[in-house]
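Down below is the structure, laid out as structure tokens.
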Amino acid sequence: MPELPEVEVVRRGLQTWVAGRTLTAATVHHPRAVRRHLAGPDDFTARLVGRTLGPVSRRGKYLWVPLDAGAALVAHLGMSGQLLVVPEGTARQPHLRVAMRFADGGTELRFVDQRTFGGMFIDECDIESSDESTDRGAQASPYESAVPHSLRHIARDPLDPRFDEGVFATALRRRRTSVKRALLDQALISGIGNIYADEALWRARLHGSRPTETLRRAEVAAVLDGAREVMSHALGQGGTSFDALYVNINGESGYFDRSLHVYGREGLPCARCGTPIRREVFMNRSSFSCPRCQPRPRRSRP
């Protein structure tokens, strides 16, 4: 599933190509793609036509584009979703779910999703209170002006200028769960999935089963630094791709998988100490770590 760097790559591409343009037509080719728009496909398309798209925003793995003062078009890529900007008249892709045409012609915005776990919907949104920025003494995110109601429960990500490390550390230690499970909790910290959790923990030299209540502030900071490092590096390389399903808006895959230190490297030598990387079962998926750099704690949580 696309994680924060992959979604941010898409956001930046959309910002360049669609922000400020007016929609003149929209077609839903598969109703499942707009299943979260409860008023149905016809209402979905009707509310898009004639709207001028605002700046593209992101919260964790969700993207949204303001349509007017109180509504936004929200998208989630799911496991295989692609938002593509293609020349107008391009042949229809096999898994095309939604197509949008702009008034100035030239290009179309298409949502393609092979597995149909992703989707789009229109949601109401509010401008966030300026008190939040004032209270935290933080700068507002340059790509976020209003948050759709359905996304308000999602936490900020560690690359967000308004992410509060102290608040996160306190909440993390109160969770009483394993540190990796906590990193995947989008209500606690967003944008980190299985791949980048493993990579961040490797950088912090922590095993994923380490109980959160035992973490010292310095260890929490190391995990966050590791997450920021790996995600920033991945963002610079266009994200991580293992097959043709994740692409940016031009249909190009990222190359960060060539720089992974532990994920998917079972049996290969650790880049730091040379010990073969181990794979363990975690929440019906795989978790990778170095037995020497990341020893399993005597006290652990699943």
Give me the number: length gained by fully extending HIS30 to GLU266, i.e. 0.36 nm times residue separation minus the C-alpha to C-alpha distance, one decimal in nm. 81.1 nm
Given springs between every Cα pair under 10 Å in a Gaussian network model of the chain, which of LEU188, LEU38, LEU151 has the largest fluctuation? LEU38
Considering just Cα atoms, how many Å³ per residue does the convex hull of region 138-237 enclose? 105
Just TRP202, TRP64, TRP17 to compare: in a GNM of the chain, with alpha carbon springs under 10 Å, which one fluctuates most? TRP17
Grab the beta carbon distance between ASP225 and LEU38, set R0 = 41 Å, and tell me the FRET efficiency rounded to 0.05. 0.50
Which of PRO161, GLN93, PRO66 sits closest to the plus end of the dipole of the chain, meaning its Cα is farthest towards the positive end, when Lys and Arg get +1 and Asp and Glu get -1 on the C-beta? PRO161
How large, in percent, is the carbon and sulfur part of the accessible surface of the chain at a probe radius of 1.4 Å? 49
Return the distance in nm (one decimal) between the two label points of a simple spin-label model at THR22 and ARG298, each offset 7 Å from Cα along Cα→Cβ. 7.1
If each Cα of region 180-240 is one equal point scatterer, what is log10 of I(q)/I(0) from the Debye formula at q = 0.19, 0.25 Å⁻¹? -0.64, -1.08
Quick one: angle between helix 165-174 and the longest Cα principal axis of the chain, in degrees between 0 and 90, rounded to 10, please. 60
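Suppose every K and R has +1 on its Cβ and every D and E has -1 on its Cβ; what is the size of the dipole of the chain about the Cα centre, in Debye to the nearest 20? Could the numbers behind the result be given before it?
Values: 43 positive and 34 negative charges, 321 e Å.
It comes to approximately 1540 debye.
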Quickly work out the MET79-to-ARG176 label distance, labels modelled 7 Å from Cα along the C-beta direction, and quote it in nm with one decimal. 3.4
Can you tell which of THR116, ALA187, ALA171 lies farthest toward the positive end of the dipole of the chain, using +1 and -1 charges on the Cβ of basic and acidic side chains (Lys, Arg; Asp, Glu)? ALA171
With Cα atoms, 0 to 90° folded angle of helix 217-236 axis to the chain main axis: 40
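Taking 1 over the mean of 1/r across every pair of different Cα atoms in the chain, what Kirkwood radius in Å do you get? Intermediate values should be presented prior to the final figure.
Numbers: mean 1/r = 0.0493 Å⁻¹.
Its Kirkwood hydrodynamic radius stands at 20.3 Å.
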Taking 0.36 nm per residue of separation between HIS153 and SER232 and subtracting their Cα-Cα distance, the length gained on full extension comes to 26.0 nm
GNM on the chain, Cα springs under 10 Å; top mean-square fluctuation among GLY40, GLY226, GLY78 goes to GLY40
Inverse of mean 1/r across different Cα pairs in region 52-113, Kirkwood, Å: 12.7
Give the distance, in whole Å, between the Cα centre of region 181-195 and the Cα centre of region 1-78. 23
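Can you check how the C-alpha radius of gyration of region 1-77 compares to 2.2 N^0.38 Å, as a plain ratio? Can you show the working numbers first?
Values: Rg = 12.6 Å, N = 77, 2.2 N^0.38 = 11.5 Å.
Output field value: 1.10.
Give the calculated FRET efficiency between ARG12 and GLU280 to the nearest 0.05, with a Förster radius of 35 Å applied to their Cβ-Cβ distance.
My answer for the efficiency is 0.50.
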From the Cα centre of region 222-236 to that of region 259-293, the distance in Å is 18
Looking at THR214, ALA197, LEU235, which one has the Cα that reaches farthest to the positive end of the dipole of region 189-236 (charges on Cβ: Lys, Arg +1; Asp, Glu -1)? THR214
Degrees separating the helix 194-204 axis from the principal Cα axis of the chain, which is the longest one: 40
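The values are calculated or read from the model by the stated rules, or taken from the named source; none is laboratory data. All figures in this text were calculated on a predicted structure; none of them were measured in a lab. Ideal geometry is used to build each Cβ from the backbone, glycine not excepted, and the neighbour counts take in all protein chains shown. Side chains included, ligands, DNA and RNA excluded: accessible areas come from the protein's heavy atoms. Shrake-Rupley method; radii C 1.70, N 1.55, O 1.52, S 1.80 Å.
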